[in-house]
Amino acid sequence: MDLSTAAIVKKIEGNAGVTVDWDLIPPQNYADAVNPRLAAGTGLPDIVYLPDQDQLMKYINSGLFIPIDELVEKYGVNLKKYMKSPLRLKPV
């Protein structure tokens with residue numbers, strides 16, 4: 001699925017009033033494309049899926065990433081409201 005054109009993603013973007021600039025990499029090439037960027041600490045998007053899920057916490061402990069809860073606390077007024085909303089989707 002191409003997330004940049006998926007109807008559900010477009011709906012979420014519209015509701016949030018944002019446009020996401022997707023950097024889509026085929027799954028079979030992902031680790032080869034992202035690992036050098038992680039090692040260099042440059043050219044990274046705002047959100048990154050870590051290929052090995054950072055089992056040894058190498059990248060997390062390096063200071064390369066910031067805790068998302070700090071961003072939610074600072075900028076997430078609408079997210080906080082959403083999370084408290086009885087209308088939000090519940091996991092199955």
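The values are calculated or read from the model by the stated rules, or taken from the named source; none is laboratory data. Just so you know, these numbers come straight off a predicted model, no measurement behind them. Because the Cβ atoms are built from the backbone with ideal geometry, glycine has one as well, and the counts that use them run over all protein chains shown. The accessibility values were calculated without ligands, DNA or RNA, using every heavy atom of the protein model including side chains. Shrake-Rupley method; radii C 1.70, N 1.55, O 1.52, S 1.80 Å.
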| Evaluation of PHE65 against (1) in contact with a Phe, Trp or Tyr (Cβ under 9 Å, 6 or more places away or on another chain); (2) surrounded by fewer than 12 Cβ atoms within 10 Å (Cβ to Cβ); (3) modelled with pLDDT of 80 or more (one fails), failing number | (2)
| message | Among the residues of the range 38-85, what is the count of those that are closer than 20 Å to LEU24 by Cβ and touching an Asp or Glu at 6+ places or on another chain (Cβ under 7 Å)? | response | 1
| note | Residue hits (the range 41-53; exposed (fewer than 10 other Cβ atoms within 10 Å of the Cβ) and over 22 Å from ASP69 (Cα atoms)) are THR42
| query | Pick from the range 3-17 the residues that are open to solvent by 70 Å² or more (accessible area, probe 1.4 Å) and charged (D, E, K, R): which of them is nearest to VAL48 (Cα to Cα)? | reply | LYS10
| query | Counting only residues that are open to solvent by less than 70 Å² (accessible area, probe 1.4 Å) and either touching a residue at least 40 places away in the same chain (Cβ under 8 Å) or not β-branched (Val, Ile, Thr) (or both), how many does the range 18-35 have? | reply | 5
| request: Evaluate the range 43-54: report whether one residue or more is within 28 Å of MET83 (Cβ to Cβ) and of a type in the set (D, E, K, R). | output: yes
